[in-house]
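J.: Structure in structure tokens, see below.
Each value in this text was obtained by applying a stated rule to the coordinates, not by laboratory testing. Please read all numbers here as calculations on a predicted model, not as lab measurements. In this analysis, Cβ positions are derived from the backbone assuming ideal geometry, glycine residues included, and neighbour counts consider all displayed protein chains.
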Amino acid sequence: MTLNYVRNLVRQRAGIVLDEGKDYLIESRLATVAHEMGLASIEDVIARARTPANTNVESRVVEALTTNETTFFRDMYPFEALRETVIPQLMKARAATRTLRIWSAASSTGQEPYSIAMTLREHFPELKSWRVRILATDLAEGILDRAKLGRYRQIEVNRGLPASLLVKYFTRDGNDWVISPELRAMVDFSAFNLVTDMARYPACDIAFVRNVLIYFDLPTKQAVLRRVREVLAPDGVLFLGGTEGTTLDDVYERVVADKAAFYRPRKSAR
Ligand SMILES: C[S@@+](CC[C@H](N)C(=O)[O-])C[C@H]1O[C@@H](n2cnc3c(N)ncnc32)[C@H](O)[C@@H]1O
């Protein structure tokens, strides 16, 4: 069946599991791709994707089946923990090198890395003289292109972004809001696949791997988390989504900071 081909493709290329209960999702997302490509049906899209020379159509199908839902300061509490606990501790620990590396590993349209950048600018002005890298990566290149623009619709800035930060860090352009060049320059965006690019995970002090593991099966999720552990500094911190856990108690220790939880590598593991 053609939908099986799509299921296998998306699982192989992105680690995303789409069981048969998700057929409606495959059909509706591919109908959009068919429309955009000027094709009559989703079968035509699949036929194109299956043609060996058409890896870009394959990628388009995979990207269409990612879910890019995100908001500024999503769930709020992780950003409070970042501000109250994680950054102050790491600033003490890194006082000699004055270097901080933050990775937003499934950054979607950019709200997550820009929320991190705003947190740093608002609360830690002394970091201006440090070498701070916020690396934002995602599998979906079309989504990354949007993130790089830093251009958001009213409905997007209404979700999670306090009005004071909107007026301070964005300017209005027609119906949209555009992020300030200063904040934009704090974030490096790059295409990166958590499942197929395991050999090149970036070293980091803080990893945001939020609301992406939920799409993977357990072995894939655990492989990603073990690999993050290898590149995370021994005193580094991992943030996951609100409904996600590590299921790797020997590798990570859960830390509760007020209303948020994050993870630290266990000393014994490596
Ligand atoms: C629901 S969004 C989460 C965005 C943000 N981290 C948040 O919590 O709001 C999930 C993102 O994961 C990306 N994604 C899915 N599979 C991926 C993979 N194998 N490698 C990298 N990114 C992936 C999707 O493209 C999508 O943008």
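J.: In vacuum, with every alpha carbon of the stretch 1-125 counted as one equal point scatterer, what does the Debye formula give for log10 I(q)/I(0) at q = 0.14, 0.16, 0.21, 0.23 Å⁻¹? Two decimals, please.
T.: -0.72, -0.81, -1.12, -1.29
J.: Find the lysine pairs in the chain meeting two conditions, Cα atoms under 28 Å apart and a separation of 8 or more places or different chains, and report how many there are.
T.: Lysine pair count for the chain: 12.
J.: With n ≥ 4 as the cut-off for DSSP H runs, can you work out [θ] at 222 nm for the chain, using -39500 (n - 2.57) per run divided by the number of residues, rounded to the nearest 500?
T.: -11500 deg cm²/dmol, from helical runs alone.
J.: Can you check what the net charge comes to around I42, using other residues whose Cβ is under 13 Å from the Cβ of I42 (Lys, Arg +1; Asp, Glu -1)?
T.: Result for the neighbourhood of I42: -1.
J.: Could you tell me the extents of the stretch 107-227's C-alpha atoms along the three principal axes, largest first, rounded to whole Å?
T.: That works out to 44, 33, 20 Å along the principal axes.
J.: Related question: Let me test this: with uniform point scatterers at the alpha carbons of the chain, what is the Debye-based log₁₀ I(q)/I(0) at q = 0.09 1/Å?
T.: -0.45
J.: Helix 218-231: angle to the longest alpha-carbon principal axis of the chain, degrees 0 to 90, nearest 10?
T.: With rounding to tens, the tilt is 40 degrees.
J.: Count the net charge of all other residues whose Cβ sits under 14 Å from the Cβ of R151, scoring Lys and Arg as +1 and Asp and Glu as -1.
T.: Working: positive: R146, K148, R153, R172, R184; negative: D145, E156, D173, D176.
Combined, the nearby Lys, Arg, Asp and Glu give +1.
J.: Same structure again: Please compute the Cα-Cα pair-distance distribution of the stretch 2-64 with 10 Å bins starting at 0, giving whole percents from short to long.
T.: Per 10 Å bin, starting at zero, the Cα-Cα P(r) for the stretch 2-64 comes out as 24, 61, 15, 0 percent.
J.: Taking K and R as +1 and D and E as -1, what net charge do the other residues with C-beta under 9 Å from the C-beta of S59 add up to? Let's see the in-between values first.
T.: Details: positive: R13, R60; negative: E58, E63, E141.
Result for the local shell: -1.
J.: What is the extension gain from Q12 to A95, computed as 0.36 nm multiplied by their sequence separation minus the C-alpha to C-alpha distance, in nm to one decimal?
T.: Numbers: separation 83, 0.36 × 83 = 29.88 nm, distance 4.25 nm.
The Q12-A95 span can extend by a further 25.6 nm.
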